[in-house]
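Coordinate-derived values only; no laboratory data. These numbers come from a predicted model, not from an experiment. Backbone-built Cβ (ideal geometry, glycine too); neighbour counts: all protein chains shown.
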Amino acid sequence: MPGLRPAATLTAAAVVSLGVVAGTALPAAADPPVTQQAVLIKDKSPYRFSYYEHIDGIGQGDEVCYYGGASLCAKYPPNRGKVNYSVKLYRLKEKEKRYDYYFVDVTANTYDRLGDGDKGRLSVTIDPTSKINYSTNVYSKSKLKGGCHSYPLNLGVSMGPINVGTTVANFSTCDKADIHTKRLASDAVRYDIYSLNRFRTMTMQKWVRVKAGAKPTFNVKVAWRADDCTVMRRQVMAYANVKTKSKTIKISAR
């Protein structure tokens, strides 16, 4: 099929990597108990952004949460970091007569983290915008404990050749943090990550089943906090302007 990449043996969790700072690569998700053959259909990578966040409770019109030194008003808040991420679409090589199986994989890593470990928020929404036959993911809230750990999330319902124990998301952090996953009305899955400064790597996926030969399309929206400091007040105080930036990426098997 034109445009398809060579097939590779991947875990059903999409063993993918993204070149990052200092020549390193993202670690693969933890191996699930089932192995599939997957074909990389589209690769929209890499993307990167910087995030900035004030302390909680500081909004437009509140006094600034930090001092800007000689400049009176620093350009960005002290809590910040950078994120590299990839957006890829795969199709399982194994076929049934009636159905094909696809999944979108968003893999990311953070770096240059500064400031409060509790700061930084990230939301990833993977939304199938074309007709699909069936969709499933695990939807849960996870409170992560301290220490360096990897936290996989497994598929909640079996999908034909896709085992119920297949890893669909994986997060690594070295401290306490929160992860929320939510199913939206559009059958999208949204991953909400709090305390982004505490995370090192993240892999998030959305799986769908379509009629054989169908070519699904997805929108992947990544949103992050990008506060700034806008209006000086009383010499060394200012207003904190709380902002959210986002980028939506369309990826299709067509």
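In what order do Leu196, Leu40 fall by count of nearby beta-carbon atoms within 10 Å, going from fewest to most?
Listed from fewest to most nearby Cβ atoms, that is Leu40, Leu196.
Using modelled amide H (1.01 Å from N, peptide plane; none on Pro or chain starts), what sits under 5 Å from the amide H of Arg121, excluding residues fewer than 5 places away?
The list, which skips near neighbours in sequence, is Leu196, Arg225.
Please list, in order along the range 188-198, the HN-Hα scalar couplings obtained from phi with the Karplus expression 6.51 cos²θ - 1.76 cosθ + 1.60 (θ = phi - 60°), rounded to whole Hz, x for Gly and Pro.
Each residue of the range 188-198 in turn: 7, 10, 10, 9, 10, 10, 9, 6, 4, 4, 8 Hz.
Would you mind ranking Cys148, Cys174 by Cβ crowding within 10 Å, fewest neighbours first?
In order of increasing Cβ crowding within 10 Å: Cys148, Cys174.
If a/c stays under 1.5 just call it rounded; otherwise compare a/b with b/c (prolate if a/b is bigger, oblate if not). Do that for the range 82-146, with a ≥ b ≥ c from the square roots of the Cα gyration tensor eigenvalues.
prolate
Starting with the fewest neighbours, write out Ser186, Ser252, Ser123 ranked by other beta-carbon atoms found within 10 Å of each beta-carbon.
Ranking Ser186, Ser252, Ser123 by Cβ neighbours within 10 Å, fewest first, gives Ser186, Ser252, Ser123.
Work out from phi, with θ = phi - 60° and the Karplus expression 6.51 cos²θ - 1.76 cosθ + 1.60, the ³J(HN,Hα) of each residue of the range 243-254, listed in order in whole Hz, and give x for Gly and Pro.
Residue by residue, the range 243-254 yields 10, 10, 10, 8, 9, 10, 10, 8, 9, 9, 7, 6 Hz.
Give the long-range amide H neighbours of Ala214: residues separated by 5 or more places, or on another chain, with amide H under 5 Å away, using H modelled in the peptide plane at 1.01 Å from N.
Counting only residues 5 or more places away or on other chains, the set is empty.
Residue by residue through the range 131-140, what is 3J(HN,Hα) from phi via Karplus (6.51 cos²θ - 1.76 cosθ + 1.60, θ = phi - 60°)? Round to whole Hz and write x for glycine and proline.
After applying 6.51 cos²θ - 1.76 cosθ + 1.60, I find 5, 10, 7, 7, 9, 8, 7, 8, 10, 7 Hz.
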